[in-house]
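Enquirer: Please find one structure pasted underneath; my questions will follow.
Just so it is clear, none of the values below were taken in a lab; they were calculated from the coordinates. Since we're looking at a predicted model, the values are computed, not measured. Cβ sites come from the backbone with ideal geometry, for glycine too, and all protein chains shown count toward neighbours.
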């Protein structure tokens, strides 16, 4: 930000010194442009508050709405209760509540309202994949004496990435590898120094950037070697949940909400649910439920495809319905509030 102020001040001095010369008009025009740019940069750097999918655009939103607790998480509700049974909701940014202003809008709080006799813990953080989630579960729960009948793993379809090695990435290039142009490279460089330019560059490039990344992730799920590695990681998580905490694992599957086309790629989601079913994982598949509503009603906004409060409510309702049909997962003392 300092560089914008320095340039603007220098141009103001140039306008004063050249005010009686023809060059003064050019300096005045440049000063006007610099003032406009500095004003816009000031607004987007210090006052713009909206969640976004790329870069540093969500920093102001995060500083205002994401209150991190003593455990380094957002309203985690740690430690486990010794008096009540504990339910753990584990996941990534969707569990964290990315794009949501209040933790009360999240899935974990929705479940806590349905099961007031339980203590619901939120173990979610942006960027956690399945392997990291396993590590974080044991880190934050430790060896508790508390009763934990259920862990709900909120699974999103980029959780496979930690199981993709460098050799796998070499072997599986993206179907349409991104080819940044000279203009792309220039704007990416400028974006490192300007929040205003970053905002509009990624706004324009957002659909292409998302499509390229998601298409690569699809190749990981389609590869038998990577998929088996990932399923082994999921099975290790289930083993930890069973052996260390004597708990059941329920998988909540969240589909892509970046577009209607991605939401409705039924064959892609069905292939993964068949893998879960073959390995005996109980799961709740949100794709058919979300498909009834459409992406615009489920996401935070166009440039932030995280699940909004309504999508979290739908997920909570489906989990409650599943647990009512399978009461053994939660135990005999828990019952949902009607």
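Enquirer: Report, largest value first, the span of the C-alpha coordinates of region 84-132 along each principal axis, in whole Å.
Expert: Cα extents, longest axis first: 31, 26, 10 Å.
Enquirer: Same structure, new question: With the cut-off at 19 Å, report for region 208-281 the share of all Cα pairs above it, as a whole percent.
Expert: Working: 1207 of 2701 pairs.
Roughly 45 percent, rounded to a whole number.
Enquirer: Expressed as a whole percent, how much of the Cα-Cα distance distribution for the chain exceeds 25 Å? Please report the intermediate quantities before stating the final value.
Expert: Numbers: 33553 of 56953 pairs.
That fraction is 59 percent.
Enquirer: List the relative contact order of the chain as a percent without decimals, with contacts defined as Cα pairs under 8 Å and 6+ residues apart. Working shown, then result.
Expert: Working: 478 pairs, mean separation 61.9, N = 338.
Computed over the chain, the figure is 18 percent.
Enquirer: Hey, another quick one. At 0.36 nm per residue, and after removing the present C-alpha to C-alpha distance, how many nm does the segment from residue 104 to residue 172 gain when stretched out fully?
Expert: Numbers: separation 68, 0.36 × 68 = 24.48 nm, distance 4.06 nm.
Contour length minus Cα-Cα distance gives 20.4 nm.
Enquirer: If each residue's Cβ is checked for other Cβ atoms within 10 Å, how do 130, 181 rank with the fewest at the top?
Expert: Working: 130 22, 181 8.
Starting with the residue having the fewest Cβ neighbours, the order is 181, 130.
Enquirer: Give me the number: length gained by fully extending residue 117 to residue 244, i.e. 0.36 nm times residue separation minus the C-alpha to C-alpha distance, one decimal in nm. Walk me through the intermediate numbers first.
Expert: Numbers: separation 127, 0.36 × 127 = 45.72 nm, distance 2.31 nm.
Value of the extension gain: 43.4 nm.
Enquirer: Which of 113, 309, 34 ends up with the largest GNM mean-square fluctuation for the chain, with Cα atoms connected below 10 Å?
Expert: Comparing 113, 309, 34 in a Gaussian network model of the chain, the most mobile one is 34.
Enquirer: Here's something else I'd like to know. Assign one of three labels to region 61-181, namely rounded, prolate or oblate, based on the Cα gyration tensor with a ≥ b ≥ c the square roots of its eigenvalues; rounded applies when a/c is under 1.5, prolate when it is not and a/b is larger than b/c, and oblate otherwise. Don't jump to the answer; show the numbers that get you there.
Expert: Working: a/c = 2.57, a/b = 1.74, b/c = 1.48.
Prolate.
Enquirer: If you don't mind, another one. Would you mind getting me the FRET efficiency between residue 37 and residue 301? Use the beta-carbon distance for r and R0 = 22 Å, nearest 0.05. Display every interim value, and only then the final one.
Expert: On the way: r = 26 Å, r/R0 = 1.17.
My answer for the efficiency is 0.30.
Enquirer: Report the extension gain between residue 186 and residue 22 in nm, rounded to one decimal, defined as 0.36 nm multiplied by the number of residues separating them, less their alpha carbon distance.
Expert: Details: separation 164, 0.36 × 164 = 59.04 nm, distance 3.22 nm.
Answer, rounded to one decimal: 55.8 nm.
Enquirer: Counting each DSSP H run of 4 or more residues in the chain as -39500 (n - 2.57), what helix-only mean residue ellipticity at 222 nm follows after dividing by all residues, to the nearest 500 deg cm²/dmol? Mind showing how you got there, number by number?
Expert: Working: 14 runs with 176 residues, N = 338.
Mean residue ellipticity, 222 nm, calculated: -16500 deg cm²/dmol.
Enquirer: If you line up the Cα atoms of region 271-336 on their principal axes, what length do they span on each, largest first, in Å?
Expert: Sorted largest first, the three principal extents are 41, 30, 18 Å.
Enquirer: Modelling each spin label as a point 7 Å along the Cα-to-Cβ direction, I'd like the residue 278/residue 293 distance in nm, to one decimal.
Expert: Placing both labels 7 Å along Cα→Cβ, they lie 3.2 nm apart.
Enquirer: Report the paramagnetic label zone for residue 328: residues of region 132-153 whose backbone N is under 18 Å from a point 7 Å from Cα along the Cα-to-Cβ axis.
Expert: Residues 149-151 fall inside that zone.
Enquirer: Report the calculated FRET efficiency for residue 225 and residue 135 (r = Cβ-Cβ distance, R0 = 25 Å), to the nearest 0.05.
Expert: Values: r = 23 Å, r/R0 = 0.92.
That pair, residue 225 with residue 135, gives E of 0.65.
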